[in-house]
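Take a look at the structure below.
Every number here is computed from the coordinates shown, using simple stated rules; none is lab data. This structure is a prediction, so every number in the text was calculated from the model and none was measured. For neighbour counting, all protein chains shown are included, and Cβ atoms are generated from backbone atoms with ideal geometry for every residue, glycine included.
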Amino acid sequence: MPDYVPGSTASLPSGAADRLRAMRGTGEHPAFFTSDLTIDEFLLIEQAGFEALGLVLGSSIYHVGFQWQKWSVSQELPVLTRAMYDARELAMTRMEEEADLLGGDGVVGVRLVFKTYAMEEGVLEFQAIGTAIRHRERKGSFRTKDNRPFTSDLSGQDLWKLVRAGYRPVSLAMGACVYHIAHLSFMQTLKQAGRNQEMKVYTEATYAARELALERMQAEAVRRGGSGVVGARVEESNWGWGANAIEFFAVGTAVTRMDGAAEPLPLSDVQRVVTFDSAG
C-alpha cells in the first residue's frame, strides 16, 4: 500500500475536498460540522475536550481476483486475503485524508460497511465512515507517530472513559485471513454418520485461520504504536467463494498510555457514565 501523506487530497474527489474546506470556515462564514454521533456521544466527546468537525468517509470498489484452491486441503487463500485487506485499507486511508483536510486529530465511531454489486462478479464496495474530531487544547498530540489522524471504532462514551483514564486511541487495527476449509472425503463423511464426535478437520482449520487474523491485527497495532487493543473481535464472512472458503477478520482499537496522563478514572465516574449511557 502507498505511504500515507498528511495533507494529501490525491485520493479524494474534487467536490469532496471543496466541501470539506468550506466546512472549516472563513472570516465570512463560520465553521459547520456534521456528525453521526448520538446526542450522548456528542456531549461526552465535548466533555473529553474534543469538538466534532465533520462526517468523513472513504470508499473503494474493488475487484477480487481469482484464487485457485485444492478441494481436499485446508489452506489460506493469499490472493483473497490480500484483496480483502487492501480494499479496506484504501477506504480507511481516504477517510483519514478527509479527516486531515478538516484539521482533525482523529476519527471516532468508525464503522466498516460492505456492499456487493451486480455490475460484475467478484466486485465489492468497502466503506469506512466516522466522525472527525479535534482536541481543543492538545491539538496534534492525539495524532499517530506518522502524523495520521487516529482512527477508532469506540463510541463517544468509551472514548470519554478512555481519555479520562489516561489512554488515547492510536489506530483501528485490522487482520484478515481468507481460508479454505478442506471438504471431507466420502469415507470421512460415512465414518461420522450418526455419531457424536469432533470434526477435527473443521476445528483445526478454523482455529488456524482465526489465529492468523488475530496475529496480523496485533502486529498492525504494534506497528502503529499501540500497547494493546480494546474491543477486539473476530468476524466471519463468506463473500460467494463457496461454502468452505471463509474470511476471518480481526479488528479492534489499538491504544496507548498518554504522556503525562492524569490519575486513572475513579470507578464511581465510570459507573456514572455507564448508567448515563444505558439511560440514553
- Item | Mean Cα-pair separation over length for the range 17-258, i.e. relative contact order, pairs under 8 Å, 6 or more apart, % | 21 percent
- Once the piece of chain linking Arg24 and Lys139 is laid out straight, how much longer is it, given 0.36 nm per residue of separation minus the C-alpha distance between them? 39.9 nm
- How many angstrom separate the Cα center of the range 4-31 from the Cα center of the range 196-210? 50 Å
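Neighbouring Cβ atoms within 10 Å as the yardstick, rank His180, His29 fewest first.
In order of increasing Cβ crowding within 10 Å: His29, His180.
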- Query: What is the mean projected area of the alpha carbon convex hull for the range 17-258, to one decimal in square nanometres?
  - Reply: 16.3 nm²
- Loop GluC sites (Glu not before Pro), the range 1-63, which have at most 16 other Cβ atoms in a 10 Å radius of their Cβ (DSSP): Glu28
- Loop chymotrypsin sites (Phe, Trp or Tyr not before Pro), the range 110-159 (other Cβ atoms within 10 Å of the site Cβ: 14 or fewer; DSSP): Tyr117
- Residues meeting the amide H criterion for Phe150 (H placed from the backbone, H to H distance under 5 Å, 5 or more places apart or on another chain) are Gly106, Val107, Thr144
